[in-house]
Amino acid sequence: MKPTLQSFLPGRTALVGLVWLALATAGAQAGDREHDADGSYACDCPEGLEIVSEPWVRMMPPGMGSTAAYLTLANRTDEDIDLVRGESPVAGVTELHDHVQDDAGVMRMREVEAITIPAGGETALEPGGLHVMLIDLHAPLERAQRVSVTLETDAGDTMEFEARVRDAETDGMGHGHGGGHHGH
């Protein structure tokens, strides 16, 4: 018996349905990232400063009083941009931090005066490196919650963005951000 168009339709209809479902799901997931066509993420940023990775805040276990925010920033200007201050309505204190090696070879978290985004370059704020500390959280953060963060440059310009709370991917260094960060 020779195959006919009707004999292929049931399988093709199912295949078309699966392809449509896969595309719709991928579109919904991509839409969750809220980035522009050029790959930058939503930000009320000064001219030439862009967020080029999805901003996120580390989900911490209950009872932890602080956490950190991470993102990658690009500087599309001819001059370095220094971030010097931060604030967030979810935290009593917001500080700029880095991990540095002490004299004994132990990595320790320290507040820094500025985070520099070099002219024409990028700076990654990531676990085990530079980051924005959110200290004295007013309430526990919830997974998928959006946290507003404002960072200020040394020129007095501000950038405002939202970062989604999520579980940390393994950073390979075992770094956590606990509650006791006032004794730098």
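Just so you know, all these numbers are worked out from the coordinates, no wet-lab data involved. None of these values were measured; they are calculated from a predicted model. We place every Cβ from the backbone using ideal geometry, glycine too, and count neighbours over all the protein chains shown.
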task: Sticking with the crude label model, points 7 Å out along Cα→Cβ, report the distance from VAL100 to GLU54 in nm, one decimal please.
output: 3.3
message: Based on alpha-carbon atoms only, what is the radius of gyration of the stretch 65-144 relative to the globular estimate 2.2 N^0.38 Å?
response: 1.20
Amide proton proximity set for ALA119, modelled H, under 5 Å, gap of 5+: ASP80, ILE81
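How high is the FRET efficiency from THR158 to GLU47, r the C-beta distance, R0 22 Å, rounded to 0.05? Provide the component values of the computation, followed by the final result.
On the way: r = 13 Å, r/R0 = 0.57.
Once the sixth-power term is evaluated, E becomes 0.95.
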- prompt: Between the stretch 89-131 and the stretch 142-168, what's the alpha-carbon centroid distance in Å?
  reply: 15
statement: Answer check: the stretch 95-140, Cα atoms, Kirkwood Rh, Rg/Rh ratio of 1.05
- prompt: Relative contact order (percent) for the stretch 49-166, with alpha-carbon contacts under 8 angstrom and 6 or more residues of separation?
  reply: 34
message: Using each residue's phi in the stretch 119-134, evaluate 6.51 cos²θ - 1.76 cosθ + 1.60 at θ = phi - 60° and report the 3J(HN,Hα) Karplus result to the nearest Hz, with x for Gly and Pro.
response: 3, x, x, 10, 10, 9, 9, 8, x, x, x, 5, 6, 9, 8, 10
statement: In order over the stretch 136-148: 3J(HN,Hα) from phi, Karplus 6.51/-1.76/1.60, θ = phi - 60°, whole Hz, x for each Gly or Pro, gives 6, 4, 6, 7, x, 8, 9, 4, 6, 4, 9, 10, 7
task: Report the label-to-label distance for THR77 and GLU142 in nanometres (one decimal), using points 7 Å from each Cα along the Cα→Cβ vector.
output: 3.8
